Amino acid sequence: MKKGFTLLELMAVIIVLAIIFSITTPIVLDLIDSSRSSLKEEQIAAIEKAARLWGIRNLSVNGDTVVYDGSEINFVSISTLQDSGDLDDKDLNGFDIDSSSGVCSEYNAYQFIYHFASSSDDC
């Protein structure tokens with residue numbers, strides 16, 4: 001009596017593994033995509049929080065105009081936030097940003113409003 005598997009048994013195992021792989025691959029890829037988008041949202045929230053902290057120390061209001069060092073400002077770059085120590089490099093780990101990215105700031109209804117922007121042109 002020979003020990004081992006028949007060709008039919010091996011093919012059945014390969015087919016079952018292929019079915020499992022074809023079912024799980026899209027699920028895993030969706031999880032990876034959702035993790036990436038969730039990470040990006042968290043990083044944008046960290047950037048906006050850093051802009052709020054920076055704004056508390058540096059911004060003032062003249063009427064409805066946001067002022068920094070005597071001149072109007074409506075955009076704070078990510079490099080400015082990093083240089084001031086309000087944004088750590090670890091907050092941007094894996095974040096694909098352009099050097100022109102930053103945060104738009106505006107003053108409305110007695111409060112500063114901050115939102116992420118790809119460039120100052122988006123403000």
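Listed here are the residues, each with its yes/no results for (1) modelled with pLDDT of 90 or more; (2) within 17 Å of Ser120 (Cα to Cα).
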| site | (1), (2) |
| --- | --- |
| Ala45 | yes, no |
| Ala51 | yes, yes |
| Gly70 | no, no |
| Thr80 | no, yes |
| Asp88 | no, no |
Inset, instruction - Return yes when Val28 is in contact with a Phe, Trp or Tyr (Cβ under 8 Å, 6 or more places away or on another chain) and either free of Cβ contacts under 8 Å to residues at least 12 places away in the same chain or not in a helix (DSSP H, G or I) (or both) and no when it is not. - result: no
Inset, instruction - Among residues belonging to the range 109-122 that are free of Cβ contacts under 8 Å to residues at least 12 places away in the same chain and in a strand (DSSP E or B), point out the one that is nearest to Ile44 (Cα to Cα). - result: Ile113
Legend entry - Unique residue being of a type in the set (S, T, N, Q) and under 23 Å from Ser37 (Cα atoms) when the list is Ser100, Ser84, Ser60: Ser100
Legend entry - Inter-residue pairs, beta-carbon under 7 Å, first surrounded by 12 or more Cβ atoms within 10 Å (Cβ to Cβ) and in the range 82-97, second among the aromatic types (Phe, Trp, Tyr), 6+ apart: Ser84/Trp54; Asp86/Trp54
Inset, instruction - Return the only residue of Gly55, Gly94, Gly4 being under 24 Å from the mean Cα position of the chain (by Cα) and on the phi > 0 side of the Ramachandran plot. - result: Gly94
Inset, instruction - For Ile78, state whether it is among the hydrophobic types (A, V, I, L, M, F, W, C) and farther than 29 Å from Ile32 by Cα. - result: no
Inset, instruction - Inspect the range 13-35 for any residue being under 30 Å from Ser118 (Cα atoms), surrounded by 12 or more Cβ atoms within 10 Å (Cβ to Cβ) and either touching a helix residue (DSSP H, G or I) at 6+ places or on another chain (Cβ under 8 Å) or polar (S, T, N, Q) (or both) and give the result as yes or no. - result: no
Inset, instruction - Restricting attention to strands (runs of 3 or more DSSP E) lying wholly within the range 36-80, give those where 3 or more residues are surrounded by 12 or more Cβ atoms within 10 Å (Cβ to Cβ), without any contact (Cβ under 8 Å) to a residue 60 or more places away in the chain and not acidic (Asp, Glu). - result: 65-68, 75-77
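The values are calculated or read from the model by the stated rules, or taken from the named source; none is laboratory data. Just so we're clear, the structure is a prediction, and the values are computed from it rather than from any experiment. Neighbour counts run over all protein chains shown; Cβ positions are idealised from the backbone, glycine included.
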